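Here is the structure we will look at, set down as structure tokens.
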Amino acid sequence: MLSVIIPAYNEEKCIRRVHSAIHSLLVENNIEGEFIFVDDGSSDQTYNIINELSLEEENIVGLHFSRNFGKESAISAGLAAVSGDCAVVIDCDLQHPPEKIIEMYRLWEQGYEIVEGIKKERGQEKKMHSIGAKFFYSVISRMAGFDMSNSSDFKLLDRKVIDVLNKMPERGFFRAISYWVGYNKTSVEYDVAERVDGESKWSAAGLVKYALSNISSYSTAPMQTVTLLGFVMLMISVIFGIWALIDKIVGRALEGMTTVIIITIFIGSIIMISLGIIGYYIARIYEEIKGRPKYIISSTTKSIKKE
Ligand code: UDP
Ligand code: MG
């Protein structure tokens, strides 16, 4: 059985549409499936619609979060709830073409354990957004040591992989973790469609925060740059030190005031940046060590299972 995990945040208009699109595809291709809708603390009718749908149709599970925990958490909750032999994660807004699920499923049948959805075109995006995304992926790909440009959350995972992911306690970045685990993978290219309804849930600030937290969870390189900066500063200050000494010997000492000020400001700012970076990592350690759950499910729909 194929489980379809659909994170949804304020997607009241999309729920039925995405369900019927995927459902009819599965029926056509004779694939048994279940739907897991994870309502990420929506403030609109999303959960009510999921609930209605789960009463009308078979094999639909709806989970409702007590507040908005973010898409990563919604995916984790979905993965913890699957009962299929494999699961596909797909956006609610039909930006990921549902037909590709069938292609992914066929590849899974051939023995692949992870089928990645790779974006061919990034679809209609704001210029800033696509530049930002490009930069983020080039940084994270280099740091994490695998190429993740054009990767997405649209993937199919085998039961084995799901079990591994479910055992990982860290708040990871789903896209990267599924690379990190290894396994036998392949990919399917797709074009990003236009969002059918509603609007993107990401703000610019939200994306920057998301990017920073993912980079820091995959690499300590930013922290090591602090050490490097320290060395560079040390060298510069040795040069300036010698210079200042010569000045003193020659008898031009007072003129050096400007340099002193510049150096003080420069060192001060480097120290502040460094502390900031270290603080950021400490904050992350703190988050993990608190061991709070990644999400809280406040209600679950009654599921009707096929006999
Ligand atoms: N989503 C979510 N929680 C959030 C934000 C988004 O579950 O806090 C879901 C959303 O409902 C959609 C998917 O994640 O199914 C992708 O979101 P969106 O379309 O807003 O992102 P974009 O396509 O612009 O990257
Ligand atoms: Mg979208």
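For the reader, a short list of remarks on this structure follows.
- Scanning the range 172-202 for residues that are open to solvent by 70 Å² or more (accessible area, probe 1.4 Å) and under 13 Å from the mean Cα position of the chain (by Cα) turns up just one, TRP202.
- Within the range 1-41, the set of residues being of a type in the set (A, V, I, L, M), touching a residue at least 24 places away in the same chain (Cβ under 8 Å) and assigned to a helix (DSSP H, G or I) comprises ILE15, VAL18, ALA21, ILE22, LEU25, LEU26.
- Within the range 55-73, the set of residues being within 15 Å of ligand 1 (Cβ to nearest atom) and on the phi > 0 side of the Ramachandran plot comprises just one member, GLY70.
- Subset tally (residues that are of a type outside the set (S, T, N, Q) and more than 27 Å from the chain's Cα centre (by Cα)) for the range 10-66: 12
- Per the listing ALA205, ALA244, ALA283, the residue uniquely part of a helix (DSSP H, G or I), over 19 Å from the mean Cα position of the chain (by Cα) and more than 16 Å from ligand 2 (Cβ to nearest atom) is ALA244.
- Search result, residues across the range 74-125 that are assigned to a helix (DSSP H, G or I), open to solvent by 20 Å² or more (accessible area, probe 1.4 Å) and within 13 Å of ligand 1 (Cβ to nearest atom): SER76
- You will find that of SER299, SER274, the residue that is surrounded by 13 or more Cβ atoms within 10 Å (Cβ to Cβ), out of contact with any Ser or Thr (no Cβ under 6 Å at 6 or more places or on another chain) and at pLDDT 80 or above is SER274 and no other.
The values are calculated or read from the model by the stated rules, or taken from the named source; none is laboratory data. This structure is a prediction, so every number in the text was calculated from the model and none was measured. All Cβ positions, glycine included, derive from the backbone under ideal geometry; neighbour counts span all protein chains shown. Only protein heavy atoms, including side chains, enter the accessible area calculation; ligands, DNA and RNA are left aside. Shrake-Rupley method; radii C 1.70, N 1.55, O 1.52, S 1.80 Å.
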